[in-house]
Amino acid sequence: MKYLDEFRDSAKASILVREIEALVASMDIADDKPLNIMEVCGGHTHSIFRYGVEGMLPKQIELVHGPGCPVCVLPMGRVDDCVAIAEQSHVIFTTFGDAMRVPGSKKSLLQAKADGADVRMVYSPMDALAIARANPTREVVFFGLGFETTTPSTALTILQAENDGVTNFSVFCNHITIVPTIKAILDSPDLRLDGFLGPGHVSMVIGTAPYEFIARVYRKPMVVAGFEPLDILQSIWMVVRQIKEGRAEIENQYARVVPEDGNAPALRAVSRVYELREFFEWRGLGSIDHSGVRLRDEYARFDAERKFAIPNVRVADPQSCQCGEVLKGAIKPWQCKVFGSACTPETPLGALMVSSEGACAAYYQYGGVKHHEAAE
Amino acid sequence: MCLGIPGRIERIDDVARKLATVDVGGVKRQVNISCVVSDEHPVSSCVGDWVLIHVGFAMSRLDEAEAAETLRILTELGEAQAELEAMRLSAATTMGAAP
């Protein structure tokens, strides 16, 4: 598949690119020390590759593709737990389609389904609740996955189940939080980042205030960005302008969707149902303090982790995989030893190759050939 | 999952549970609208609203032009087709058809 060389707004994009070039030209940036700007969100990664944004930028700007793809950072052990729950004969296991092909240590959910487990793809946790109502003699488990964008959806579904007296529904909660993860990246010793594009739809829920420490403590600029190519280019320009002017602030380019205070009903539902875990394990990044949530004791009866005996075994990432280094921006996807050979979207070894929001799958689909040629 | 998809609220199905039917690119689907209602904008006033829908939950109101532009970009990204397909498949699964 080729990326889109032209889109309807290409004239506007050209103007923005020229403004970025002019800004960079006025900054005296050495060719071998480009500005490193991380887009945190997997949706941005997908859009950047689809529209070839990297190719439009001057060489003094490098985009680093961050950990913001929830499917990609799911550790193998958690997939094994899903499979263990799904393989119990009275269980109907429901999941978003994205998670079906994520490799576990023995099999993915797709393979478990092929082996006879009742695994069903759903669009929404509400659909899982409907399946529970329709199958009162079965236990229906929903695989709760995602950052703050989707956490309210499972919280509200649990509240609905409680309200309606549904007792055969539970959530296997793997929701994660972005702020502690950004902090972990900022604390990593090999950090070479100069600024961030902030996630759009996570911020729609949590607002912009939780990012203030990035500017205040770490003195890095962040611009919360929309997903359209023009949004991304404008946000890059805003980050670079902050760097040039020596400012570190949290700016909001996506104010048409992101309110400063976030979404109050969503935040209320989340804090009623969930509490922070002490730590959560991420594929490629290891354990990060307070980076995940679990159900509060009051909702224990909707918690699949307590309802089922799960193996809960930590499984190391495959040795040949360098997902962690890619996630932290230490290497580019095509510099990984197994990229495009042992690890492809059809047979992924690492999770970054599974989802269209993962950096490796995005490079493979849209940019792989170009980069291979450049490397040779 | 993370990008969501815009739709227009067509009718309110359940005021207490805050459920409404939306039209998403011609596909009708029930969504939860708790996160876009407030004292100033109660459930009854939501019909006709354009909303950004994430996994069956309306998470933000949009104006019509913004909704159209978002849908166009999502279609170019291939995300809109994937979301609509997931909605259709899910409807089949939920209605009891063979998964």
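Going by accessible area, probe 1.4 Å, with all protein chains left in place, what is the ranking of B:ILE33, A:ILE243, largest first?
A:ILE243, B:ILE33
Taking H placed 1.01 Å from N in the peptide plane, check which residues at least 5 places from A:TRP282 or on another chain put their amide H under 5 Å from its amide H. Residues meeting the amide H criterion: A:SER287, A:ILE288. Write out the trypsin sites (Lys or Arg not before Pro) in the range A:275-376 meeting two conditions: DSSP loop, and at most 15 other Cβ atoms within 10 Å of their Cβ. Answer by residue number: A:ARG296, A:ARG314, A:LYS337. Taken one residue at a time, the phi angles of the range A:218-224 give Karplus couplings (6.51, -1.76, 1.60, θ = phi - 60°) of 9, 6, 10, x, 9, 10, 5 Hz. Gly and Pro are set to x. With a cap of 15 neighbouring Cβ atoms within 10 Å, and only residues DSSP puts in a loop, list the trypsin sites (Lys or Arg not before Pro) found in the range A:215-251. Listed in order of number, the matching sites are A:ARG219, A:ARG247. Averaging 1/r over every pair of different alpha carbons in the range A:4-112 and inverting the result gives a Kirkwood radius of 17.2 Å. I need the fraction of alpha carbon pairs in the protein assembly as shown separated by more than 35 Å, rounded to a whole percent. It works out to 28 percent of all Cα pairs. Given R0 = 35 Å, the distance between the Cβ atoms of A:SER105 and A:ASP190 translates into a calculated FRET efficiency of 0.80. Helical runs assigned H by DSSP (4 residues or longer) give chain A a calculated mean residue ellipticity at 222 nm of -10500 deg cm²/dmol, each run adding -39500 (n - 2.57) before division by the residue total.
Any of A:LYS12/A:LYS244; A:LYS12/A:LYS33; A:LYS113/B:LYS18; A:LYS59/A:LYS337 with alpha carbons more than 30 Å apart? Name them for me.
A:LYS113/B:LYS18
Amide hydrogen proximity for A:GLY52: with H placed 1.01 Å from N in the peptide plane, the residues at 5 or more positions away or on another chain lying under 5 Å are A:LEU4. For the range A:321-337, putting each phi into the Karplus relation 6.51 cos²θ - 1.76 cosθ + 1.60 with θ = phi - 60° gives couplings of 6, 10, 3, x, 5, 5, 4, 7, x, 6, 10, 7, x, 6, 8, 6, 4 Hz, in residue order, rounded to whole numbers and with x for Gly and Pro.
So how far, in whole Å, is the C-alpha centre of the range A:205-225 from the one of the range B:12-71? The two parts, judged by their Cα centres, are 29 Å apart.
Using a 1.4 Å probe on protein heavy atoms, which residues of the range B:6-47 have at least 40 Å² less accessible area in the complex than alone? Checking the loss per residue gives B:ARG17, B:ARG29, B:CYS35. As a calculated quantity, the FRET efficiency between A:GLN335 and A:ALA264 at R0 = 45 Å, using C-beta atoms, amounts to about 0.55.
Roughly what % antiparallel, to the nearest 5, for the DSSP beta bridges in chain A? Percentage antiparallel, nearest 5: 20. What is the sum of charges, Lys and Arg at +1 and Asp and Glu at -1, for the other residues whose Cβ falls under 12 Å from the Cβ of B:GLN30? Result for the local shell: 0. Scanning residues 5 or more positions from B:ASP13 or on other chains, those with amide H under 5 Å from its amide H are B:LEU19, B:ALA20, B:THR21, with H placed 1.01 Å from N in the peptide plane.
The values are calculated or read from the model by the stated rules, or taken from the named source; none is laboratory data. The shown structure was predicted, so the numbers you read here are calculated from the model rather than taken from an experiment. Quick reminder, even Gly has a Cβ in these numbers, built from the backbone with ideal geometry, and neighbours come from all protein chains shown. Accessible surface areas use protein heavy atoms only, side chains included; no ligands, DNA or RNA. Shrake-Rupley method; radii C 1.70, N 1.55, O 1.52, S 1.80 Å.
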